[in-house]
Amino acid sequence: GAGVSQTPSNKVTEKGKYVELRCDPISGHTALYWYRQSLGQGPEFLIYFQGTGAADDSGLPNDRFFAVRPEGSVSTLKIQRTERGDSAVYLCASSDRTGGSDTQYFGPGTRLTVL
Amino acid sequence: DQQVKQNSPSLSVQEGRISILNCDYTNSMFDYFLWYKKYPAEGPTFLISISSIKDKNEDGRFTVFLNKSAKHLSLHIVPSQPGDSAVYFCAASDQSNTGKLIFGQGTTLQVKP
């Protein structure tokens with residue numbers, strides 16, 4: 001079956017611009033997570049959706065970052081007034097949390113470069 | 001505060017030998033642990049997991065061991081193959097919470113033919 005997909009695969013933008021990153025989770029997965037991975041580091045948690053609601057947004061670095069999941073499937077991560085420090089790979093993962101053990105499956109990521 | 005640590009940034013082994021990757025954690029609330037493999041320009045691929053109620057889980061060439069008293073887990077790959085060369089991340093979560101994963105920094109494994 002289809003895995004998690006993310007678009008675009010690469011995004012280059014200028015400092016101060018607005019960007020949107022899209023995630024299509026595995027069909028039927030109710031849980032969706034966004035992570036950010038900087039060079040040489042492991043992924044870091046940003047936000048978690050259970051259905052349509054953001055159940056945990058404690059990892060968002062500041063109020064320039066926002067994410068939505070209006071219909072409980074596709075999610076969009078939005079970054080306003082981008083800064084060079086936002087450059088990283090943004091990863092999306094989904095899981096079926098009804099089973100008790102939460103194995104998260106990741107998409108290929110979006111590499112964001114802020115010039 | 002690094003809750004999950006992989007202290008070896010790299011490991012090199014000969015094809016056919018055992019690879020042992022280690023991971024330590026500090027949060028006693030973690031109850032589910034996973035290993036992911038990552039190739040360049042790809043997302044992490046799930047390898048194997050273990051619940052805190054177990055101390056060992058095996059899947060083919062991959063075995064994960066969990067020592068709760070030491071807050072330590074390890075991934076054994078035997079026999080190692082050149083295609084196993086990748087970055088390996090361990091991750092932990094508290095399933096009673098949101099289940100968000102806390103990752104280690106990763107270990108780059110090179111398997112030499």
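The values are calculated or read from the model by the stated rules, or taken from the named source; none is laboratory data. All of these numbers come straight from a predicted model, not from anything done at the bench. Counting neighbours? That spans all protein chains shown, and the Cβs are built from the backbone with ideal geometry, glycine included. The protein model used for the area step is the full one, side chains on, heavy atoms only, and it has no ligands, DNA or RNA in it. Shrake-Rupley method; radii C 1.70, N 1.55, O 1.52, S 1.80 Å.
Expressed as a whole percent, the accessible area of chain B that falls on carbon and sulfur atoms is 48 (1.4 Å probe). For A:Thr113, the residues 5 or more places off, or on other chains, whose built amide H falls under 5 Å of its own are A:Lys11, A:Val12, A:Thr13. Among the residues of B:34-44, the average count of other protein chain beta-carbon atoms within 10 Å of the residue beta-carbon is 5.
With a 1.4 angstrom probe, the accessible area lost at the A-B interface totals about 1600 Å². The residues of segment B:4-112 present an accessible area of 45 Å² per residue when probed at 1.4 Å with all protein chains retained.
For chain B, the relative contact order is 37 percent, taking Cα pairs closer than 8 Å that sit 6 or more residues apart in sequence and dividing their mean separation by the residue count.
Sorting B:Asp1, B:Asp55, B:Asp84 by solvent-accessible area of protein heavy atoms yields B:Asp1, B:Asp55, B:Asp84, largest first, with a 1.4 Å probe. Relative to one another, the C-alpha centroids of segment B:54-96 and segment A:25-43 are positioned 20 Å apart. Applying the criteria of a DSSP loop state and at most 14 other Cβ atoms within 10 Å to the trypsin sites (Lys or Arg not before Pro) of segment B:8-41 yields B:Arg17.
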